[in-house]
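Written out below as structure tokens is the structure these notes cover.
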Amino acid sequence: MEQRVLGRTGRSVSVVGLGTWQLGADWGEVREEDALAVLDASVAAGVTLFDTADVYGDGRSERLIGRYLRERPDAGVFVATKFGRRVEQRPEHYRLANFRDWADRSRVNLGVERLDLVQLHCPPTPVYSSDEVFDALDTLVAEERIAAYGVSVETCAEALTAIARPGVASVQIILNAFRLKPLEEVLPAAAAAGVGILARVPLASGLLSGRYTERTVFAPDDHRTYNRHGKSFDQGETFSGVDFATGVAAAADFAALAPEGASPAQTALRWVVQQPGVTSVIPGARNVAQAGANAAAAELAPLPQDVLEAVRGLYDRRIRAQVHDRW
């Protein structure tokens, strides 16, 4: 699989990675053996980037990755984790003492001496403007608790603030065919600064797979049930903030754009991979088949210009009014 340098980390990662939120919680139950099989299938398909967080299953996702890497020390996987969401979201909690505690917990969970990459996990907006916060992250690097740090953001404005920080290696942001705003300023600014871009929620929580109808019901412990209106965390993390019925209709239009031999989901991932400035796209997978299909999207031919223009037209016609200015 094609590898790209992840910004200021200097490390190369696969253009299709694996997001592991679903292996922890919030997408319904995933058995441990199934989770480990997903990790293994991803590596077998050429994936060299796992994205996780200390809050996914209260550490379950990290621990599963740690177990897998102990059993497969030759896997050559770069692990990007995140911290900051296990406490009440107040800026004063983002300080060095907490950072040390959180990093040390993730080091234990993952079974490593030094974390490859730690990302601030969608913190309160004032955190991005705090010199103290980034001085503390620099301290973690100096102490060799972490090799590099980045941020995971909800808004384009937060991304641009972070990109201006000289120590920020990468920015993780929602980017998909239903969320085009980052293309305007964030991706060009990141490329100019040498900051990597990790594109999350690339399938709009599964909408872009084309598998759902308005009658689809998700489990009660799936965030696509309980967070549709942002009751538990930012609404943008669920269906990219798009109303479900609107998203289902738009996804049907998107599915018609898939080239021969490619699924709608693979088309959605290919669209992200070829956006200038993107380092890697990090879809989730709940089973081995999904993991393999996601990785195979990296091998698709670039989408032609008429398809790119059709995606833009679909966004402008059906989606833009709901999400563009908000995020």
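Taking the Cα centre of the chain as the origin, how large is its charge dipole in debye, to the nearest 20, when only Lys and Arg (+1) and Asp and Glu (-1) carry charge on their Cβ atoms?
It comes to approximately 220 debye.
Label ASP138 and ASP221 with points 7 Å out from Cα along Cα→Cβ: what is the distance between them in nm?
Reported label-point gap for ASP138 and ASP221 is 4.3 nm.
Whole-Å semi-axes of the range 1-83's equivalent ellipsoid, largest first, each the root of 5 times a Cα gyration tensor eigenvalue?
They are 21, 14, 11 Å, listed from largest to smallest.
For the chain, what proportion of DSSP beta bridges, expressed in % and rounded to the nearest 5, is antiparallel?
Taking every DSSP beta bridge with both residues in the chain, the antiparallel ones total about 15 percent.
If each residue of separation counts as 0.36 nm, what is the full-extension length gain between GLU33 and PHE233 once their alpha-carbon separation is subtracted?
Additional length available on full extension: 69.1 nm.
If packing is taken as the average number of other Cβ atoms within 10 Å across a peptide's residues, how do 41-54, 97-110, 295-308 rank, most packed first?
Highest mean packing first, the order is 41-54, 97-110, 295-308.
Return the loop-located GluC sites (Glu not before Pro) in the range 114-162 (DSSP other than H, G, I, E, B) with at most 15 other Cβ atoms within 10 Å of their own Cβ; answer none if there are none.
Counting only loop positions with at most 15 other Cβ atoms within 10 Å, the GluC sites (Glu not before Pro) in the range 114-162 are GLU143, GLU144.
Just need log10 I(q)/I(0) for the range 131-212 at q = 0.15, 0.18, 0.22 Å⁻¹, Debye formula, equal scatterers on the alpha-carbon atoms, no solvent, rounded to two decimals.
-0.58, -0.76, -0.98
Mind checking which of ALA293, GLY46, LEU314 is farthest towards the positive end of the chain's charge dipole, using Cβ charges of +1 (Lys, Arg) and -1 (Asp, Glu) about the Cα centre?
Positive-most Cα among the choices belongs to LEU314.
What Kirkwood hydrodynamic radius do you get for the range 174-300 when you take the inverse of the mean 1/r over all pairs of distinct Cα atoms, in Å?
15.2 Å
Can you compute the label reach from GLN3? Point 7 Å from Cα along the Cβ direction, backbone N cut-off under 18 Å, restricted to the range 47-69.
Label zone hits: 47-51.
Rounding to the nearest 20 debye, state how big the charge dipole of the range 62-142 is about its Cα centre with +1 on each Lys and Arg Cβ and -1 on each Asp and Glu Cβ.
420 debye
Which percent of the accessible heavy-atom area of the chain goes to carbon and sulfur, probe 1.4 angstrom?
For the chain, the apolar C and S fraction of the accessible surface comes to 49 percent.
From the phi angles alone, apply the Karplus equation (6.51, -1.76, 1.60; θ = phi - 60°) to the range 309-316 and give each ³J(HN,Hα) in whole Hz, x where the residue is Gly or Pro.
Karplus-based 3J(HN,Hα) across the range 309-316 equals 5, 5, 4, 4, x, 4, 4, 5 Hz.
List, in order, the whole-Hz ³J(HN,Hα) value for each residue of the range 123-132 obtained from phi through the Karplus relation with A = 6.51, B = -1.76, C = 1.60 and θ = phi - 60°; use x for Gly and Pro.
Listing the rounded values in order: x, x, 3, x, 4, 5, 9, 9, 4, 4 Hz.
Per the helix-only calculation at 222 nm, which mean residue ellipticity applies to the chain, given -39500 (n - 2.57) for every DSSP H run of n ≥ 4 and division by its residues, nearest 500 deg cm²/dmol?
Helices in the chain give a 222 nm mean residue ellipticity of -10500 deg cm²/dmol.
How large is the accessible surface per residue of the range 81-140, computed with a 1.4 Å probe and reported in Å² as a whole number?
In whole numbers, the range 81-140 has 44 Å² accessible per residue.
Taking the Cα centroid of the range 169-184 and of the range 248-297, what is the distance between the two, rounded to the nearest whole Å?
Comparing the Cα centres of the range 169-184 and the range 248-297, I get a distance of 15 Å.
Counting other Cβ atoms within 10 Å, which trypsin sites (Lys or Arg not before Pro) in the range 15-77 have at most 13 and lie in a DSSP loop?
Passing sites in the range 15-77 are ARG31.
For the range 173-327, what does the accessible surface come to per residue with a 1.4 Å probe? Please give it in Å².
It amounts to 41 Å² per residue over the range 173-327.
What is the distance in Å between the Cα centres of the range 55-114 and the range 187-246?
23 Å
Mind checking the alpha-carbon convex hull of the chain and giving the volume per residue in Å³?
Value for the chain: 118 Å³ per residue.
Once amide H atoms are placed 1.01 Å from N in the peptide plane, what residues at a sequence separation of 5 or more from SER12, or on another chain, have their amide H within under 5 Å of its amide H?
Those lying under 5 Å, H to H, from SER12 are LEU6.
Once amide H atoms are built 1.01 Å from N in the peptide plane, which residues 5 or more positions from GLY284, or in another chain, come under 5 Å H to H?
GLY19
Could you go through the range 246-253 in sequence order and give the Karplus-derived ³J(HN,Hα) for each residue, using 6.51 cos²θ - 1.76 cosθ + 1.60 with θ = phi - 60°, rounded to whole Hz, and x for Gly and Pro?
Computed from phi, the couplings for the range 246-253 are 4, x, 4, 5, 5, 5, 5, 5 Hz.
The values are calculated or read from the model by the stated rules, or taken from the named source; none is laboratory data. Just so it is clear, the model here is predicted, and its values are computed rather than measured. Note that we place each Cβ from the backbone using ideal geometry, even for glycine, and neighbour counts take in every protein chain shown. What goes into the accessible areas is simple: the full protein's heavy atoms, side chains included, and nothing from ligands, DNA or RNA. Shrake-Rupley method; radii C 1.70, N 1.55, O 1.52, S 1.80 Å.
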